[in-house]
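Sharing a structure below in C-alpha cells format, with a few things to ask.
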Amino acid sequence: MKPRVSWALMTLSASVMALGLAACTVTRNWQYPPDPPGTLLNVKGSKTLPVTVAVFPLRDLRGANVERGSWRLALPVVPYAVNSFDRPETVQDPEGVRLIRMNPSRDFAMAISNELRHAGIFSTVAFAESLTTKPDLVISGTIRSTNWRRSFTTYGLGPLGPLVWILGAPMGKATNTVAMDLQLTPPNDPSRAVWQFTMEFQDSHLFGIYYGMEQSVENYADAVQETLKPAISNLVKIATEHPELLRPGSATDVSTAQSH
C-alpha cells in the first residue's frame, strides 16, 4: 500500500472512531415513566389500605469511580477498552458531552412515589423533601449503584478497527446497573422496619454505529422501573394477603427480599 493511501485510510479510521465514540454520549434528560411507552407498572392492589405514606429522597451511597480507557483503542493488538462511570450524571466523557441529566436521589424517590400511587396500595402516597404533616409511614432507602459501563472493541486492529464498525460490526457492549434498598418505617422510628426490600437490576446490550447508542444512556428510567417491579409486586401481595403487616405498629422486618 502506498504511503499516501495508507495515511488516508488511517485518517478515515480515526474520524470514524471519533464519530462513533461521540455518538455514544447523547445527552438525555431524566423522564419517568420511561418513554416509550410512557406507562407505569401494570401492578395493582386489590384493596387500598387507609394508610398515608411519605417517600423521602434516597440516600446516595454510590461510589465515585471514573474509568476512561477508550483511548487504548488506537493501539494495535489491544482487543478492547472500557469506560465506566459510577455516577454517569456527573461525569463529562472524553469528548466533553454530558451523558445524562438526572438527580438519582430525588428522581428515583419520585419514581417510587408514582409507582406506589398508581398501584393503589395506600390511600395517600406523596414525595416529600421533609415532613410538613405526619404520615402513618415513611419510605426511605439508599442507592447503591447506577454504574454505567461501556466495553469498546476494535477487534485488535487499532486505528483500522472502525472500518469493521462501518460494516455493521458491534462497537462494544453497554451495561447499566441499578441497585437500591428500600424500607417502610414509622416516621418517628426509622430503625423499626415494617417492610424492607433489596433490589438490583442489570441490563446489557450490544451497540454499534447504526444501533444501540442512544439506548445506553436513555435506559436508566427503564432500569429503575425494572428494579422497582419486584418491590411493588411484593407490597401488593402483602397488602392483599396480610394487610395488617403494612399498618403502623406492625412487627419489625416482616418482609425482607432480594431481586436480581
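The values are calculated or read from the model by the stated rules, or taken from the named source; none is laboratory data. Since the structure is predicted, the reported quantities are computational estimates derived from the model, not experimental observations. Using ideal geometry, Cβ is built from the backbone for each residue, glycine included, and neighbour counts are taken over all protein chains shown. Surface accessibility is based on the protein's heavy atoms, side chains included, excluding ligands, DNA and RNA. Shrake-Rupley method; radii C 1.70, N 1.55, O 1.52, S 1.80 Å.
Determine whether residue 47 is more than 16 Å from the chain's Cα centre (by Cα), under 20 Å from residue 236 (Cα atoms) and in a loop (DSSP other than H, G, I, E, B).
Yes: the conditions hold for residue 47.
Go through the range 162-186 residue by residue and tally those that are more than 24 Å from residue 78 (Cα to Cα) and assigned to a loop (DSSP other than H, G, I, E, B).
1
Can you tell me which of 190, 243, 230, 162 is modelled with pLDDT of 95 or more and either open to solvent by less than 60 Å² (accessible area, probe 1.4 Å) or not β-branched (Val, Ile, Thr) (or both)?
From the options 190, 243, 230, 162, the qualifying one is 230.
So, one more: What's the total number of residues in the range 129-143 that are among the hydrophobic types (A, V, I, L, M, F, W, C) and closer than 20 Å to residue 61 by Cα?
Residues flagged as among the hydrophobic types (A, V, I, L, M, F, W, C) and closer than 20 Å to residue 61 by Cα within the range 129-143 amount to 3.
What number of residues in the range 114-172 are without any contact (Cβ under 8 Å) to a residue 12 or more places away in the chain and either among the aliphatic types (A, V, I, L, M) or closer than 12 Å to residue 208 by Cα (or both)?
Number of matching residues: 2.
So that you can scan it fast, the table gives a plain yes or no per residue for (1) surrounded by fewer than 21 Cβ atoms within 10 Å (Cβ to Cβ); (2) touching a Pro at 6+ places or on another chain (Cβ under 7 Å):
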| residue | (1), (2) |
| --- | --- |
| 118 | yes, no |
| 131 | yes, yes |
| 154 | no, yes |
| 168 | yes, no |
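A quick yes/no check of all residues on (1) closer than 27 Å to residue 85 by Cα; (2) under 21 Å from the mean Cα position of the chain (by Cα):
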site	(1), (2)
121	no, no
134	no, no
139	no, yes
144	yes, yes
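Tell me which residues, restricted to the range 170-180, are open to solvent by 10 Å² or more (accessible area, probe 1.4 Å) and out of contact with any Lys or Arg (no Cβ under 7 Å at 6 or more places or on another chain).
Once the filter is applied, which keeps residues that are open to solvent by 10 Å² or more (accessible area, probe 1.4 Å) and out of contact with any Lys or Arg (no Cβ under 7 Å at 6 or more places or on another chain), the range 170-180 yields 170, 173, 177.
Specify which of the listed residues (78, 26, 55, 51) is open to solvent by less than 50 Å² (accessible area, probe 1.4 Å) and modelled with pLDDT under 60.
26
Taking the range 133-152 on its own, how many of its residues are open to solvent by less than 10 Å² (accessible area, probe 1.4 Å) and outside any strand (DSSP E or B)?
Residues flagged as open to solvent by less than 10 Å² (accessible area, probe 1.4 Å) and outside any strand (DSSP E or B) within the range 133-152 amount to 1.
Checking the structure you have, find out if any residue of the range 90-113 is polar (S, T, N, Q) and modelled with pLDDT of 95 or more.
Yes; the residues of the range 90-113 include at least one that is polar (S, T, N, Q) and modelled with pLDDT of 95 or more.
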